[in-house]
Amino acid sequence: MEEQDAPEANTYKKGRGAQINTKNKFQKNERTKEHVECIDDWTESNVKTQYLEENAKGIVNKVDSPDVGMWYSMNPYQGCEHGCIYCYARNSFEYWGYSAGLDFETKIIVKKNAPELLRKFLLNPKWECVPIGLSGNTDCYQPAEQKFKLTRQLLEVCNEFNQPVGMITKNAGMLRDKDIIQELARKNLVSILVSVTSFNEDLRRVMEPRTTTGKQRIKLIEEMSKAGVRMGVMLGPMIPGLNDHEMHDIIKAASDVGARYSAYTFIRLNGAIKLLFHDWLYKNFADRADKVWHLIEGSHGGRVNDSRWGVRMRGEGSVAEMVAMQYRKYTHKYGLDHERMGLDCSKFSRPGEQGKLF
């Protein structure tokens with residue numbers, strides 16, 4: 001299935017974060033457009049969204065990074081139409097043979113057998129129950145979910161097995177599944193973070209072009225909190241010179257509507273994201289692009305990325321420390337400095353089996 005975009009040849013691609021396709025490091029013979037000043041005829045028509053259905057070999061993956069807060073993750077979709085320009089998941093899209101740029105947000109791989117794969121995984125007697133992260137890479141409530149409903153089916157499988165699941169989204173489409181999420185919440189089997197990066201619509205429209213507004217995300221926290229679901233807010237990434245000054249307002253707004261905990265990350269531009277973000281920044285914020293870029297560099301030891309665990313998500317230096325201090329101050333002031341509630345793994349059971357007893 002394809003979504004029709006209005007033709008906008010020779011103009012900024014509205015509704016898209018990336019404006020170019022960067023080179024895939026795994027492809028040796030490939031032509032890409034990465035430097036505008038080197039191309040005489042810079043034209044590229046707006047690109048339609050394609051949904052590429054496939055039968056995946058697996059759905060649950062072990063997470064080896066110790067600073068992402070999960071041991072296992074599952075993602076029913078690869079690529080993400082939200083188009084967030086800073087998204088770290090862009091780099092992983094190169095493993096599929098595509099670019100981390102426009103390809104990432106226009107070619108959405110749909111793992112149509114994801115629910116069956118999860119059921120098979122949980123039936124394996126070797127599985128010792130620990131929480132699984134849903135949306136550890138791409139957003140499980142991106143626009144594709146409206147058609148394929150894979151996220152809901154995954155939640156139904158988790159509910160059947162009493163498998164605890166952690167979720168993160170920036171899409172109010174989660175409200176469609178409030179009933180199943182409530183049921184999981186009653187058994188202490190679900191933990192949810194809603195990502196809020198800005199209340200500035202001019203910034204949100206170009207930085208996260210196909211996402212819901214910041215205010216709608218706050219309403220999502222409110223409605224799910226009223227439904228008895230313990231909700232948190234994710235502030236990230238914080239980008240100095242663009243959205244770092246909004247930290248107070250986001251934390252307060254989330255707290256006012258019932259959020260109970262929070263998390264944040266500091267911008268880092270690893271792999272192809274460095275080039276994509278640089279291109280985006282200078283096209284959208286030419287008046288402050290140099291300042292923002294240098295602030296990011298100053299927070300990663302003169303580079304825009306740091307791969308060291310424990311440092312990469314927070315940055316270092318005076319600017320990163322100022323952001324960290326604000327986060328600590330405001331989360332304490334508004335009561336969001338609690339740890340994420342531990343989920344209950346003791347209820348896990350396979351169909352036909354009695355739950356674990358302790």
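Mind checking the dipole of the chain: about its Cα centre, +1 per Lys or Arg Cβ, -1 per Asp or Glu Cβ, Debye to the nearest 20?
Value, rounded to 20: 900 debye.
Take the solvent-accessible surface of the protein heavy atoms, probe 1.4 Å, and return the percent of it on the chain that carbon and sulfur atoms account for.
50 percent
Could you calculate the FRET efficiency of Arg176 with Lys57 from 1/(1 + (r/R0)^6), where r is the beta carbon distance between them and R0 is 30 Å, rounded to 0.05? All intermediate terms of the calculation are to be shown ahead of the outcome.
Numbers: r = 28 Å, r/R0 = 0.95.
For Arg176 and Lys57, the calculated efficiency is 0.60.
To check my understanding: the extent here is largest minus smallest coordinate of the Cα atoms along each principal axis. What are those three numbers for the stretch 260-358, in Å, largest first?
If we take the Cα atoms of the stretch 260-358, the spans are 62, 35, 26 Å.
Taking the Cβ of Gly301 as the centre, find all other residues whose Cβ is under 10 Å away and add up their charges (Lys, Arg: +1; Asp, Glu: -1).
Net of charged neighbours comes to -1.
In terms of the Cα gyration tensor, with a ≥ b ≥ c the square roots of its eigenvalues, is the stretch 80-222 rounded because a/c is under 1.5, prolate because a/b exceeds b/c, or oblate?
It is oblate, given that a/c is not under 1.5 and a/b is not larger than b/c.
Measure off 7 Å from each Cα along the Cα-to-Cβ vector at Gln216 and Trp127, then give the distance between these two points in nanometres to one decimal.
Result: 3.3 nm between the two label points.
Can you pick out the pairs among Lys149/Lys219; Lys111/Lys170; Lys111/Lys215 whose Cα atoms lie more than 29 Å from each other? Present the calculation step by step, with values, prior to reporting the outcome.
On the way: Lys149/Lys219 22 Å; Lys111/Lys170 21 Å; Lys111/Lys215 31 Å.
Long pairs (Cα-Cα over 29 Å): Lys111/Lys215.
If Lys178, Lys25 are ordered by their accessible area, calculated over protein heavy atoms with a 1.4 Å probe, which sequence runs from highest to lowest?
Lys25, Lys178
Using alpha-carbon positions, what is the distance between the centroids of the stretch 186-261 and the stretch 113-180, in Å?
Rounded to whole Å, the Cα centres lie 20 Å apart.
For the stretch 43-190, what is the accessible area per residue in Å² when the probe is 1.4 Å? Could you put the intermediate results ahead of the total?
Numbers: 5690 Å² over 148 residues.
Solvent-accessible surface per residue comes out at 38 Å².
Mean residue ellipticity at 222 nm from the helices of the chain, using -39,500 (n - 2.57) per DSSP H segment of n ≥ 4 over the full residue count, to the nearest 500 deg cm²/dmol? Provide the component values of the computation, followed by the final result.
Details: 11 runs with 109 residues, N = 358.
The helix contribution divided over the chain gives -9000 deg cm²/dmol.
Checking the a/c ratio against 1.5 first, then a/b against b/c, what shape does the Cα gyration tensor give for the stretch 198-243?
In terms of gyration-tensor shape, prolate.
Sticking with the crude label model, points 7 Å out along Cα→Cβ, report the distance from Asp249 to Lys149 in nm, one decimal please.
Placing both labels 7 Å beyond Cα along the Cβ direction yields 3.8 nm.
Between Lys329 and Glu183, what is the FRET efficiency for a Förster distance of 45 Å, r being their Cβ-Cβ separation, to the nearest 0.05?
So the FRET efficiency works out to roughly 0.75.
Taking 8 Å as the Cα distance limit and 6 or more residues as the minimum spacing, I'd like the relative contact order of the stretch 175-249 as a percentage.
Relative contact order, the stretch 175-249: 40 percent.
Rank by packing, highest mean first: peptides 291-299, 47-55, with packing defined as the count of other Cβ atoms within 10 Å averaged across residues.
Values: 291-299: 19.1, 47-55: 14.0.
For the peptides 291-299, 47-55, the packing ranking is 291-299, 47-55.
How big is the charge dipole of the stretch 182-293 about its Cα centre, in debye rounded to the nearest 20, if each Lys and Arg gets +1 on its Cβ and each Asp and Glu gets -1 on its Cβ?
380 debye
What three numbers, in Å, describe the spread of the alpha carbons of the chain along their principal axes, ordered from the longest?
Principal extents (Cα only, largest first): 68, 48, 36 Å.
DSSP beta bridges in the stretch 61-182, what fraction antiparallel, as a percent rounded to 5?
DSSP beta bridges in the stretch 61-182 are roughly 40 percent antiparallel.
Let me understand the stretch 190-282 better: what is its radius of gyration from the alpha carbons, and its Dmax, in angstrom?
Here Rg and the maximum Cα pair distance are 13.9, 44 Å.
Indicate, rounded to the nearest 5 percent, the antiparallel portion of the DSSP beta bridges found entirely in the chain.
Here the share of antiparallel DSSP bridges comes out near 20 percent.
The values are calculated or read from the model by the stated rules, or taken from the named source; none is laboratory data. Keep in mind it's a predicted model, so treat the numbers as computed, not measured. Don't worry about glycine lacking a Cβ; one is built from the backbone with ideal geometry, like all the others, and counts go over all protein chains shown. The accessibility values were calculated without ligands, DNA or RNA, using every heavy atom of the protein model including side chains. Shrake-Rupley method; radii C 1.70, N 1.55, O 1.52, S 1.80 Å.
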